[in-house]
Amino acid sequence: MAVTIQIPTALRNFTDRQREVQVEAATAGAAIAGLAQAYPDLKPHLYQEGGTELRSFINVFVGETNIKKLKGLDTPLPDGETIMLVPAIAGGLC
C-alpha cells in the first residue's frame, strides 16, 4: 500500500528537499522505517539511539490525530493515506 509522508521544512535537508515522500507501508511504523531506509541521513533525526524508538519530540499524525492516541507505530494506514511528521519546536524568550 502506498502512503505519503509530509516532510516538515526542518527535515527536508535530509530528503533531497522533498515536501512529500511516498513509501509502501501498512502501518505508521513501517512508513517511518521506509522513509529512514530511503533517506539514511534522516534516521538519526527520527529515531533514538538503537534505531527502534522514535525520538520523543517527533510526532506523527494520521489525519488530525497523533498516533500516540491511536496504536502508536502499529497504527494501520489505508492505501493512499497521508501522514505528517511534526517535530516539536522549543523556543521563546528566557
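Identify all residues within the stretch 1-19 that are without any contact (Cβ under 8 Å) to a residue 60 or more places away in the chain and touching an Asp or Glu at 6+ places or on another chain (Cβ under 6 Å); write none if there are none.
Answer for the stretch 1-19, where residues must be without any contact (Cβ under 8 Å) to a residue 60 or more places away in the chain and touching an Asp or Glu at 6+ places or on another chain (Cβ under 6 Å): just PHE14.
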Which listed residue, of GLN22, GLN48, is polar (S, T, N, Q), surrounded by 13 or more Cβ atoms within 10 Å (Cβ to Cβ) and out of contact with any Asp or Glu (no Cβ under 6 Å at 6 or more places or on another chain)
GLN22
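Loosely packed, with under 15 Cβ neighbours inside 10 Å, on the phi < 0 side of the Ramachandran plot and in contact (Cβ under 8 Å) with a residue 40 or more places away in the chain: does that describe PRO78?
yes
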Members of the stretch 1-19 that are hydrophobic (A, V, I, L, M, F, W, C), surrounded by fewer than 18 Cβ atoms within 10 Å (Cβ to Cβ) and outside any helix (DSSP H, G or I):
MET1, ALA2
Within the stretch 38-49, identify whether any single residue is in contact with a strand residue (DSSP E or B) (Cβ under 8 Å, 6 or more places away or on another chain), outside any strand (DSSP E or B), small (Gly, Ala, Ser) and modelled with pLDDT of 95 or more, and answer yes or no.
yes
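The values are calculated or read from the model by the stated rules, or taken from the named source; none is laboratory data. Note that the structure is a prediction, hence the values are computed from the model and not measured. Heads up, the Cβs are rebuilt from the backbone with ideal geometry, glycines too, and the neighbour counts pull from every protein chain shown.
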